[in-house]
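**Student:** I'd like to ask you about the structure that follows.
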Amino acid sequence: MSRLLIDLPYPADTNKYPKFFPHPLLLMKIKQPDDELLDYNLRCRGLGEASVKEELDRLATSLENDVREVVVGCGHFPADADKNVWFDYFLRRLSRSVLVTGIYPSVMPGRVGRLHSRHTVLPTDWDIGDVVIPIEMLGEYPKVGKKLRASVRATRGCPRKCGMCPVWIIHRRKFEFWPVSKIIDRIKWYYDAGVRYITFIDDNLTVSPKFDDMLEQLVGLDLWGMEYICQEGFEVTSFHRERMCCLLKQVRFVDMKMAIENVNEDVLRKIDKYYKEFAVVERALANIEKHGLEVGSYFLFGLERSEEGVLKNIRFIAEHALDVRVNVVRTYEGGVVHDAQVDQKLFKGYASLAYSASWYARALGVNIMARDAIDQLKKVGYEIHMTKSRVLLEGKTDYWRMTSRFVRGLKWMFSQVLGCDCSVKMEEGSVVVTKRPRGFGF
């Protein structure tokens, strides 16, 4: 008898972008020829919360009279509860019992048993390294520009035990890199099918030198027009490998990221990072510059002992003009970060400042954390007229997508000069900065 397989929405910010959009690989793995697969990640793409609820309500109602066995999956089922919102909502909405599956079986039985006991966890071989997305499905998913895209997994697990990450809980530090020949064959098959963009969905793709072997074979194939990206960050220490750095450029690996986490060594020790001295990061950054690679950086806020500890990170970002993504630490079920009482709103404010510092450094060449930040603004063409309570800034204010980061940076710079929080009002070709009472915050 045929089954109905349903992949539920996963509210990740990265899903907004075609290069990261998830394919339901686990359900593809267990799908039989007569089964029907409904991907609600795809159906709900771009919808607001109310519209997603309506879609899931309609689906739940339609299942009341469906005699098929139903398997509900969240192919990216995480250990952190804030990403389980639609999974939990839909299971509570159902009037019938279903089978539940996901790629994180170590946390699923407990969660389903605790919150959704009338449903049953379906034990599944969740090794999705051998899943091939059918050609007819590839065209249904968002393209990267005009390029057809596929997802590939080359590894399983991660040998590290970083305390802010749930992967070690899931895999218990086991790690395996699939035979390079099989990965190459998979990529060649996709290339022949018209794919020109590959997203690796591995948790730690670069930890093994086998990654370098894979890159070398891809260089030899010379697949014209193919580009590659990895959804997760690369290991800092992997950028110490000269061979890898050389090959990344030749293979056309784009939009790479490196998981720096934090410049404070006490934070690195607290999360049990695999390196404890920040000199490791500085060596990686030097090698990245040497080989002309464009690499973004992950930072983690929330475990610093003081405001100065957070600002130390932001100064580093500004000084090195890093393209960043900032996360605020969360606790995970079973994770080592148990007792972090993190003020999410406060640290998201610091994250906003970090994004602003990054934008100014890369777009304008201005270090907003420096003592001479105002002078730097003047040098890049802005006219600044200051009084005791007000600043008029004249110059270009219509950069693409600049508004929030531009304004956030101005608030910071002029709060340091005026000695109080500031309000910013943008007008065409000019900005007015005025004093605001303390306590206005970020």
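Bear in mind these aren't lab numbers, they're just calculated from the coordinates by the rules spelled out. Only a predicted model underlies this, so the values are computations on that prediction, with no experimental measurement involved. Cβ: placed from backbone, ideal geometry, glycine included. Neighbour counts: every protein chain shown.
**Student:** Between LYS188 and ASP127, 0.36 nm times their residue separation minus their Cα-Cα distance comes to what?
**Tutor:** 19.9 nm
**Student:** According to a simple spin-label model (label point 7 Å from Cα along Cα-to-Cβ), what is the distance in nm between ARG92 and GLU49?
**Tutor:** My value for the distance between the label points is 1.3 nm.
**Student:** Amide H to amide H, which residues 5 or more places from LYS257 or on other chains are under 5 Å from it, using H placed in the peptide plane?
**Tutor:** Residues meeting the criterion, in which the H sits 1.01 Å from N, are PHE234, GLY296.
**Student:** Between segment 180-250 and segment 1-59, what's the alpha-carbon centroid distance in Å?
**Tutor:** After rounding, the separation between the Cα centres reads 27 Å.
**Student:** Using +1 at the C-beta of Lys and Arg and -1 at the C-beta of Asp and Glu, which of SER352, VAL432, VAL267 has the Cα lying farthest in the positive direction of the dipole of the chain?
**Tutor:** Positive-most Cα among the choices belongs to VAL432.
**Student:** While we're looking at this one, here's another question. Residue by residue, what Karplus-based ³J(HN,Hα) values in Hz, rounded to whole numbers, does segment 24-31 have, using 6.51, -1.76 and 1.60 with θ = phi - 60° and x for Gly and Pro?
**Tutor:** x, 5, 5, 5, 4, 5, 8, 5
**Student:** Per-residue ellipticity at 222 nm for the chain, helices alone: DSSP H runs ≥ 4 residues times -39500 (n - 2.57), over residue total, nearest 500 deg cm²/dmol?
**Tutor:** Calculated from helices alone, the mean residue ellipticity at 222 nm is -10000 deg cm²/dmol.
**Student:** Taking GluC sites (Glu not before Pro) as exposed when DSSP calls them loop (any state but H, G, I, E, B) and at most 12 other Cβ atoms lie within 10 Å, what is the longest stretch of the chain free of them, the sites themselves excluded?
**Tutor:** Longest run free of exposed loop sites: 1-139.
**Student:** Give the percent of DSSP beta bridges with both residues in segment 135-364 that are antiparallel, rounded to the nearest 5.
**Tutor:** Approximately 15 percent, going by the DSSP bridge assignments.
**Student:** Which ³J(HN,Hα) values, rounded to whole Hz and listed in residue order, are derived for segment 127-143 from phi using the Karplus coefficients 6.51, -1.76 and 1.60 in 6.51 cos²θ - 1.76 cosθ + 1.60 with θ = phi - 60°, glycine and proline given as x?
**Tutor:** Going residue by residue, I get 6, 9, x, 9, 7, 10, 6, x, 4, 5, 8, 4, x, 7, 9, x, 8 Hz, with x marking Gly and Pro.
**Student:** Next question, about the same structure. Name the lysines eligible as straight-distance cross-link partners of LYS53: C-alpha to C-alpha under 22 Å, and not fewer than 8 places from it in the same chain.
**Tutor:** LYS16, LYS83
**Student:** Of [x] 38.3, 141; [y] 27.9, 103; [z] 24.1, 78, which one was derived for Rg and Dmax of the Cα atoms in Å from the structure shown?
**Tutor:** Structure-derived value, by its label: [z].
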